[in-house]
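Asks: Right, I'll just put the structure down here and ask away after.
The values are calculated or read from the model by the stated rules, or taken from the named source; none is laboratory data. This structure is a prediction, so every number in the text was calculated from the model and none was measured. Every residue, glycine as well, gets a Cβ built from its backbone with ideal geometry; the counts of neighbours run over all protein chains shown. Accessible surface areas use protein heavy atoms only, side chains included; no ligands, DNA or RNA. Shrake-Rupley method; radii C 1.70, N 1.55, O 1.52, S 1.80 Å.
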Amino acid sequence: MMGCQTAPAQLFYDFCLDDHVPADHLLRGIDGHLDLDSVRTQLKPFYSSTGRPSVDPELMMRMLIVGYCMGIRSERRLCEEVHLNLAYRWFCHLGLDGKVPDHSSFSKNRHGRFRQSDILRHLFETVVERCLAQGLVGTEGFAVDASLIAADANKQRSVPGAEWEAKDDASRSVQEYLAVLDDEAYGAASPVTPKFISSSDPAAQWTGAHKGHAFFAYATNYLIDTDHGVILDVEATRAIRQAEVGASRTMIDRTESRFGLKPGYLVADTAYGSADNLAWLVKERGIAPHIPVFDKSNRTDGTFSRSDFTWVSEDDLYICPAGKELKQFHRTYATPRSGITSEGTRLYRASKKDCDACELKQRCCPNTPARKVPRDLNEDARDVARAIAATPAYERSRHRRKKVEMLFAHLKRILRMARLR
């Protein structure tokens, strides 16, 4: 016989919320390690001592964690889900009759107290500290990378970069961009004027980095440990290489000053292999660069590349494939010269007499009287990176770097942060 459910007529219920949250639920595992005691202390200066009590900031933090873990991007939907889901109510300490805050409270606090107090970074660093305390962070090597996230900016409403100017009644996003123009992550990253600028979000960078249709985007930068893939620092920048390299330096310095962590080596892709960045790692920070060298010296016309010449550091010269010397100066000048070009290189020249009589001239310098080889001022740091690239440790670290790509995939596919709101 088909059953038919009838509504119980009980007046009182004995209901324990904790009994209805599974023991293996993700939020139960997080709650056992979550410590938000410092949230109120951090936010106290940003609240008035009088007036009506506000929404508990710890409640909002717990709700944001629920949204992050469960991939709920919409604050409106987050409030609805917390209101309906028993596990979410249990995690947020709401009980059965606790009132869920309105979604507008999140927006107001994000652009107000949360931003002014930097509480979200404080919460992030608290989580990193817990990972350190549990031994989940290795200090042997770190990896750094950047990934593009599309901005909520319309190409049809943009203007050419040379024509853009801020209006007197500029929006909040425009005012914030003007306030950070001198930061390395934004305006100061590159003197090049963008091709297009969004009137509503000028900090977004017009980029064609995906080799398809160009779009407005930001870059999210991760610094992780290569042992367990724990994110140690995050930095948002414009979607240009110079800003990403600057963000890597910021994150390395901040991680060292905040947690006392300094890696033995840093793994990254070719975008971080410029001479200046390699010199900063090797000479200023003492970090081994497991990074491919960004090098455009290889020739494709069949003539000798710079790599075919042997560098002799003791004598400050190159030896060509024919065994002849290339020096900066072949005579002594009355007024000593620095020998540094406007591009930040030193030019090493062969003798015209040697090149004229050389059998390899057609393979070396067929269109010039003598061969010249430029050497960057930080070429010694590039040589360090090249030497590391020939070791087995380099091959292992390249495989471990893929952990940062997995984290970007999680951000975009699971948490659905493929586009900013």
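Asks: Give the angle, between 0 and 90 degrees and rounded to the nearest 10, that separates the Cα long axis of helix 241-259 from the longest principal axis of the Cα atoms of the chain.
Replies: Once rounded, one gets 60 degrees.
Asks: Under a crude label model (7 Å from the Cα following the beta-carbon direction), how far is R386 from R73 in nanometres?
Replies: For R386 paired with R73, the spin-label model returns 4.5 nm.
Asks: Let me ask another. Mean-square fluctuation check for the chain, GNM, Cα pairs under 10 Å: which of G344, G273, G71 is largest?
Replies: G344
Asks: Most fluctuating residue of D383, D301, D56 in a GNM of the chain with Cα springs under 10 Å: which is it?
Replies: Most flexible of the set in this elastic network: D301.
Asks: How much length is gained if the chain between S342 and N154 is pulled fully straight, taking 0.36 nm per residue apart and subtracting their Cα-Cα distance, in nm to one decimal?
Replies: That works out to 63.7 nm of additional length.
Asks: Can you compute the charge dipole magnitude of the stretch 17-122 about its Cα centre, using +1 on each Lys and Arg Cβ and -1 on each Asp and Glu Cβ, nothing else charged? Give it in debye, rounded to the nearest 20.
Replies: Once rounded to the nearest 20, the dipole reads 640 debye.
Asks: Rounded to the nearest 20 Debye, what is the dipole magnitude of the chain about its Cα centre when Lys and Arg each give +1 and Asp and Glu each give -1 at the C-beta?
Replies: 1320 debye
Asks: As a test of the formula, what do you get for the chain when each DSSP H run with n ≥ 4 contributes -39,500 (n - 2.57) and the sum is divided by the residue count, at 222 nm and rounded to the nearest 500 deg cm²/dmol?
Replies: Rounded to the nearest 500, the figure is -9000 deg cm²/dmol.
Asks: Starting from the Cα-Cα distance between A133 and I30, subtract it from 0.36 nm times their residue separation and give me the gain in nm to one decimal.
Replies: The span from A133 to I30 would gain 35.5 nm if fully extended.
Asks: Put +1 on the Cβ of every Lys and Arg and -1 on every Asp and Glu Cβ in the stretch 17-122; which of L78, F106, L96 then has its Cα farthest towards the positive end of the dipole?
Replies: Working it through, the farthest residue towards the positive pole turns out to be F106.
Asks: Which pairs, out of K44/K108; K108/K412; K195/K262; K296/K352; K262/K402; K211/K402, put more than 28 Å between their alpha-carbon atoms?
Replies: K195/K262
Asks: With every protein chain kept in place and ligands, DNA and RNA left out, what is the accessible area per residue of the stretch 165-283? Probe 1.4 Å, answer in Å².
Replies: 45 Å²
Asks: Using Cα pairs under 8 angstrom and six or more residues apart, how large is the relative contact order of the chain, in percent?
Replies: 14 percent
Asks: So how far apart, in nm, are the two label points at Q116 and A170 if each is 7 Å from Cα heading toward Cβ?
Replies: Calculated label separation equals 2.2 nm.
Asks: In addition: Springs between alpha-carbon pairs under 10 angstrom, Gaussian network model over the chain: which of I240, I224, I119 fluctuates most?
Replies: Judging by the Gaussian network model, the answer is I119.
Asks: Continuing with the same structure: Rounded to a whole number, what % of the accessible area of the stretch 99-224 do carbon and sulfur atoms account for, probe 1.4 Å?
Replies: The value for the stretch 99-224 is 48 percent carbon and sulfur by accessible area.
Asks: For the stretch 36-78 and the stretch 162-213, what is the centre-to-centre distance using only Cα atoms, to the nearest Å?
Replies: Centre-to-centre distance over Cα atoms comes out at 31 Å.
Asks: Could you give the nm distance between label points at D276 and N298, where each point is 7 Å from its Cα heading toward the beta carbon?
Replies: A separation of 2.5 nm, rounded to one decimal place.
Asks: Can I ask one more? Measure nothing fancy, just the Cα-based angle from helix 75-84's long axis to the longest principal axis of the chain, in degrees from 0 to 90, nearest 10.
Replies: The two axes meet at around 40 degrees.
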